[in-house]
Amino acid sequence: MADWYMIVIEGSERDLRAFVSGFLADRGADPARVAFVDDVGLERESLHERLRALLHGGHHALIVPDDLATALIQAFERGGEAHGLRVAHRHPVATATFGFAAEVFARDVSTAIRTVVGALPAGVHATQHSEHEEEHAESKGVELYAPAHHYAYRVRGVLTGPVEGALNVRRRLADIEAVRLEPLRLA
């Protein structure tokens, strides 16, 4: 059994967000436990053709942990129709994968990236990971947009793991402006 589900909902995105916010508030649940796929950069091609077709034209998807999925679906069945919301599909997901890359010229930013990547949650692992750091003493004091920099740090990699852990890492990396995130793939 998967620990997470993708739930595809037919209806307005605004109404869906309001409904889910009310549902979570009613249960005292952390809003970060439910992810709207548009907010986490889901790669549409990672889903089978049926889901891809559904996500166009009034369909929106959520990634929800198992302990909330059944209750949320029941809430849609009880009160969703009054808000124009209907469950179109439920799909189990077990893992999430995404790539990331950055090129930075400040040590504090490279430290922030290393902190996130160096403290991965249980089950999340990096593959294709490479990083390179260089320092040029002769360029000390050069402006930020000059062709030469005193310090440069380049990193790239792919992170894979359980949905919750991968989403947490993705959110932390997204908070670092210099990090470029590739689309999220679910399996």
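Every number here is computed from the coordinates shown, using simple stated rules; none is lab data. What you see is a predicted model, and the numbers here were worked out from it, not measured in a lab. All Cβ positions, even for glycine, are placed from backbone atoms using ideal geometry, and neighbour counts span all protein chains on display.
Quick one: which residues, 5+ away or cross-chain, put their amide H under 5 Å from the amide H of Ala94? H built at 1.01 Å from N.
Distant-sequence amide H within range of Ala94: Ala187.
Give me the distance in nm between label points sitting 7 Å out from Cα along the Cα-to-Cβ direction at His125 and Thr70, one decimal.
The answer from the label model is 3.2 nm.
Would you mind ranking Leu24, Leu186 by Cβ crowding within 10 Å, fewest neighbours first?
So the residues, fewest neighbours to most, are Leu24, Leu186.
Once phi is turned into ³J(HN,Hα) by the Karplus curve 6.51 cos²θ - 1.76 cosθ + 1.60 with θ = phi - 60°, what whole-Hz value does each residue of segment 24-40 show in order, with x for glycine and proline?
So the J values, rounded to whole Hz, are 5, 4, 4, 9, x, 8, 5, x, 6, 7, 10, 10, 7, 4, 5, 7, 10.
Would you mind ranking Arg170, Arg180 by Cβ crowding within 10 Å, fewest neighbours first?
Placing the least packed residue first, the sequence is Arg180, Arg170.
So how do Glu134, Glu164, Glu43 line up by other beta-carbon neighbours within 10 Å, fewest first?
Working: Glu134 10, Glu164 19, Glu43 14.
In order of increasing Cβ crowding within 10 Å: Glu134, Glu43, Glu164.
Per-residue HN-Hα couplings for segment 167-182, Karplus 6.51 cos²θ - 1.76 cosθ + 1.60 at θ = phi - 60°, whole Hz, x for Gly and Pro?
5, 4, 5, 4, 4, 5, 5, 5, 6, 9, 4, 6, 7, 9, 9, 7
Whole-Hz ³J(HN,Hα) for each residue in segment 88-104, computed from phi via Karplus 6.51 cos²θ - 1.76 cosθ + 1.60 with θ = phi - 60°, x for glycine and proline: what do you get?
9, 6, 10, 9, x, 10, 10, 9, 10, 9, 7, x, 8, 7, 7, 10, 10
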